[in-house]
Amino acid sequence: MSELKNDRFLKALLRQPVDMTPVWMMRQAGRYLPEYRATREQAGSFMDLCMNADLACEVTLQPLERYALDAAILFSDILTIPDAMGLELRFAQGEGPKFDKPIRSAADVNALGIPDPEGELQYVMNAVRTIRKELDGRVPLIGFSGSPWTLATYMVEGGSTKEFGKVKGMMFDEPQTMHKLLDTLAQSVISYLNAQIAAGAQAVMVFDTWGGVLTPRDYKEFSLRYMEQIVAGVTRENDGRTVPIVLFSKGAGGWLEVMAETGCDALGVDWTLDMADARARVGDKVALQGNMDPSILYANPERIEQEVKIILESYGKGNGHVFNLGHGIHQHIDPENVGVFIDAVHEHSTQYHK
Ligand code: CP3
């Protein structure tokens, strides 16, 4: 077992006792940091940055140099899998992701293969290996993937969408085609996450950013079911330690109970729930990760600190809380305010762990 100097994050995900509440932020390596913008400029494009293990490692570690974070997250993107499947991902300046070859028909779906994680996706595994070496046991490294449903939304729409017309069109009119696509994606995600774990990821998270655009019934059939498949297929023990798995469906607070039944270790919670309610609803089945509104980081330091205290109090005493934002940090946040936030979590949480 490799040495880990700070294992608060892994312990909290497994609902074991800790001295203070661990904290990290979704999108912690990103455009709000001037040093990130500089490295991205140096790399040329966002995908070039993801594909260069040394630069991906550099930006992964940047937020850890500034803040007392309890975890690092692999710098990459969820859209690496569809890109490796041949959809040709581009990040057009200011426009978000685009696929030159979207998936529109049963023939397109049948032509998809499962990418080889040490082949087309080897650059991701190389980044994991480089980051683990550079971290040298400071904090655990989180690996991640998109959920099958969330990946399908980008693959069928050909990019970001507000209406989900094409992907829901396929779901309603050709459910068998949609299930075939989701099954191929679930198998790809399992192999991708297992390769990240073999390369050194010490916890994994599944981002289901668009699970909340489905009805509760469609969510179970088209999103949750495939995340269950992933939970069942992912390696849960490596290098003498449990590898926790976290599921995060944004906007899915209405059906937290069914998510807690998947066998995952923890659920990500967005800011639309009170932590006290979320905790009461999942009982001792899973840990919870969340859930400060990222917009609070625009407020003054006193207000940020107050919000941290409210959320800590809402979760209450005992094990199983990982502090995070309810979604990714925004690009126009002042980095100083992030320091106030991280320090406040540690300072005010010790009383909940006595
Ligand atoms: O959390 C981290 O720090 C790790 C890195 C990470 C990125 N994307 C880097 C990134 C992670 C975990 C993701 C996940 C991701 N990517 C999700 C799921 C999580 C969520 O936020 O809901 C989704 C939906 C994507 C797809 C994606 N990637 C979009 C829609 C965009 C454009 C966003 C925008 O605001 O322009 C990206 C690009 C992206 N991924 C950036 C970063 C830092 C910004 C790219 C840049 O530097 O220009």
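The values are calculated or read from the model by the stated rules, or taken from the named source; none is laboratory data. Predicted model, so just to flag it, every value in this text is computed and none were measured. Note: ideal-geometry Cβ built from the backbone for every residue, glycine included; neighbour counts use all protein chains shown. We work out accessible area using only protein heavy atoms, side chains counted, and drop any ligands, DNA or RNA first. Shrake-Rupley method; radii C 1.70, N 1.55, O 1.52, S 1.80 Å.
May I ask you to give the percent of accessible area on the chain that is carbon plus sulfur, with a probe radius of 1.4 Å?
Carbon-and-sulfur percentage of accessible area, whole number: 46.
Which percent, nearest 5, of DSSP beta bridges in the chain are antiparallel?
Percent antiparallel among DSSP bridges in the chain is about 25.
Only Cα pairs under 8 Å and at least 6 apart count here; give the relative contact order of the range 223-287 as a rounded whole percent.
31
I'd like to check one number: the per residue accessible area of the chain, probe 1.4 Å, reported in Å² as a whole number.
Value returned for the chain: 40 Å² of accessible area per residue.
Run the simple label-point estimate for SER160 and ASN6 please: 7 Å along Cα→C-beta, distance reported in nm.
Rounded to a tenth, the inter-label distance reads 3.0 nm.
Where the only charges are on Cβ atoms (+1 Lys, Arg; -1 Asp, Glu), what is the dipole of the range 1-115 about its Cα centre, to the nearest 20 debye?
The calculation lands at about 360 debye.
Could you tell me which of rounded, prolate or oblate describes the range 19-86, using a ≥ b ≥ c as the square roots of the eigenvalues of the alpha-carbon gyration tensor, with rounded for a/c under 1.5 and, failing that, prolate when a/b is larger than b/c and oblate otherwise?
Note, shape of the range 19-86 comes out oblate.
Need one word for the range 123-244: rounded, prolate or oblate. Basis is the Cα gyration tensor (sqrt eigenvalues a ≥ b ≥ c); a/c below 1.5 gives rounded, then a/b vs b/c decides.
Here the range 123-244 falls in the prolate category.
Return the FRET efficiency for the residue pair GLN176, SER295: r is the Cβ-Cβ distance, R0 is 56 Å, and the value is rounded to the nearest 0.05.
FRET efficiency, GLN176 to SER295: 0.85.
In the range 210-328, what is the count of Lys pairs whose alpha carbons are under 19 Å apart, counting only pairs at least 8 residues apart or on separate chains?
Taking the Cα cut-off of 19 Å, the pair count is 4.
Using only alpha carbon pairs under 8 Å that are at least six residues apart, calculate the relative contact order of the range 18-274 and give it in whole percent.
16
To test your reading of the geometry: what angle, between 0 and 90 degrees and rounded to tens, separates the Cα axis of helix 53-66 from the longest principal axis of the chain?
Compared with the principal axis, the helix lies near 30 degrees.
Can you order the peptides 86-95, 320-329, 38-47, 220-229 by their average number of other Cβ atoms within 10 Å per residue, highest first?
Highest-to-lowest ranking by the protection proxy: 320-329, 220-229, 38-47, 86-95.
As a test of understanding, state the convex hull volume per residue of the chain from its alpha carbons, in Å³.
Per-residue hull volume (Cα only) is 119 Å³.
For the range 167-183, in order, what is each residue's ³J(HN,Hα) by Karplus, 6.51 cos²θ - 1.76 cosθ + 1.60 with θ = phi - 60°, in whole Hz (x at glycine and Pro)?
For the range 167-183, the Karplus-derived couplings read 6, 6, x, 5, 4, 7, 8, 9, x, 5, 5, 4, 5, 5, 4, 5, 5 Hz, x marking Gly and Pro.
Using a Förster radius of 51 Å, what is the FRET efficiency between ASP100 and GLU257 based on their Cβ-Cβ separation? Nearest 0.05, please.
Step by step, r from the Cβ atoms, then E = 0.80.
In what sequence, highest mean first, do 205-212, 165-172, 346-353, 136-143 appear when ranked by Cβ atoms within 10 angstrom?
In descending order of packing, they fall as 205-212, 136-143, 165-172, 346-353.
Calculate how steeply helix 301-315 sits against the longest principal axis of the alpha-carbon atoms of the chain, using the helix alpha-carbon long axis, and give the answer as 0 to 90 degrees to the nearest 10.
Compared with the principal axis, the helix lies near 80 degrees.
What number, rounded to the nearest 500 deg cm²/dmol, is the helix-based mean residue ellipticity at 222 nm of the chain, given -39500 (n - 2.57) per DSSP H run of at least four residues and division by all its residues?
For the chain, the value works out to -13000 deg cm²/dmol.
When a/c is below 1.5 the answer is rounded, else prolate if a/b is larger than b/c, else oblate, so apply that to the range 68-167 with a ≥ b ≥ c taken from the square roots of the Cα gyration tensor eigenvalues.
It is prolate, given that a/c is not under 1.5 and a/b is the larger ratio.
Can you list the aspartates and glutamates whose alpha carbon sits under 20 Å from that of LYS166, skipping same-chain ones fewer than 8 residues off?
Of all the aspartates and glutamates, those that pass the test against LYS166 - Cα under 20 Å, at least 8 places apart if same chain - are ASP83, GLU88, GLU95, ASP100, ASP108, GLU157, GLU174, ASP183, ASP208, ASP218, GLU221.
Enter the angle in degrees (range 0 to 90, nearest 10) between the Cα long axis of helix 122-135 and the first principal axis of the Cα atoms of the chain, meaning the one along which they spread out most.
So the helix axis and the longest Cα principal axis differ by about 10 degrees.
Once the Cβ-Cβ distance between THR242 and THR215 is put in as r, and R0 is 45 Å, what FRET efficiency do you end up with, to the nearest 0.05?
Efficiency, rounded to the nearest 0.05: 0.85.
Which three numbers, in whole Å and largest first, are the semi-axes of the equivalent ellipsoid of the range 57-114 derived from its Cα gyration tensor as √(5λ)?
33, 14, 8
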